[in-house]
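First up is the structure itself, then whatever we jot down about it.
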Amino acid sequence: MAQPQERKLSPNFKWQAALSRIKTMEVVPEGTFTSEREAERALSIYNRALEHIHSGNEDIAMIALEKVVSTYPLFTDAAVLYGICLGVSRKYKEAELQFEKALLTDPDPEEEEILENLLAQARLFKKRADDFERSRRRNEKKLLPVRANLAQAGILERAAGSSEGDQVRMASARERDELMRQIDQNDKASSAASSYSTGSGKKKIINIIVIIAVLLFSLIYFLIIPSVKKANERNERLEWLEKKITEQAENSETFQIIIEEYNEAFPD
């Protein structure tokens, strides 16, 4: 295996420099593959991945190496190359996991020492990246009130004549007053629009209530009330008819039979 970096852990370790020192392979270590065909295929992919790396196509190389490492976990050289590529891409957590998995395959002493060194470097860079991110977040949080004050008391704008826009100056008092006046006008306009919207909403609700009331009145006046009147008229007619039949039943056997059948059909 080609040794990609110094054995001693260094805070100035360069992933790209380590990657550039890895060369193509002619043969693979014995016992790594179960057949000569597998060995030839893995070796071909490994060497093509190196060619892609040196030609600036690291993304293609990493896709191929990821597949080789997952298919042939004992191919330690591919694991080292893939882990270093992850380090170059600043994916230190993934690189750390890759070196840890490679160490679980029981490599020979020389490979183990290289993997442990790379693992330590990956952890060091991961810690640096985490520390930097925490520091950035703390600073960002501290700057929030400062930016709020700048937005209120001193509007930063690009200086005239600055072609790259890297110079700034404080806006004048007149400019700040003008800006605040515009903001105040916008607030008033927004408030008026909100009031209008609220009033319009109330009018819509009132209109809906009126429409519903008219519909209910129409329903009651044109349908329910006439139906009730007709029902009352029918009841009056039936009562009158029943009364007359009862009176005639005293003198007529026919009416007497009708009354009896009626009482049987419609008992009280």
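The values are calculated or read from the model by the stated rules, or taken from the named source; none is laboratory data. Predicted model only: the values in this text are computed from it and were never measured. Counting neighbours? That spans all protein chains shown, and the Cβs are built from the backbone with ideal geometry, glycine included.
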Determine which single condition Ala192 fails, assuming it passes every other condition in (1) surrounded by 10 or more Cβ atoms within 10 Å (Cβ to Cβ); (2) aliphatic (A, V, I, L, M); (3) modelled with pLDDT of 70 or more. (3)
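Only one residue in Ile211, Ile183 is assigned to a helix (DSSP H, G or I), over 30 Å from Ile258 (Cα atoms) and modelled with pLDDT of 75 or more. Which one? Write out each step before concluding.
On the way: Ile183 fails: modelled with pLDDT of 75 or more.
After ruling out the rest, the residue left standing is Ile211.
Report yes if Leu143 is assigned to a helix (DSSP H, G or I) and touching a Gly at 6+ places or on another chain (Cβ under 8 Å), otherwise no.
No: the conditions fail for Leu143.
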Single condition Gln98 does not satisfy, out of (1) surrounded by fewer than 21 Cβ atoms within 10 Å (Cβ to Cβ); (2) part of a helix (DSSP H, G or I); (3) polar (S, T, N, Q): (1)
Residue check, Ala160 against (1) over 30 Å from Val69 (Cβ atoms); (2) modelled with pLDDT of 60 or more, all met but one. Which one? (2)
Search the range 43-66 for residues that are within 13 Å of Leu19 (Cβ to Cβ) and pair each with any residue that is of a type in the set (S, T, N, Q) and not in a helix (DSSP H, G or I) when their beta-carbon atoms are under 7 Å apart and the residues are at least 6 apart or on different chains. Leu50/Thr24
Would you mind finding the one in Leu143, Leu124 that is surrounded by 10 or more Cβ atoms within 10 Å (Cβ to Cβ) and modelled with pLDDT of 85 or more? Leu124
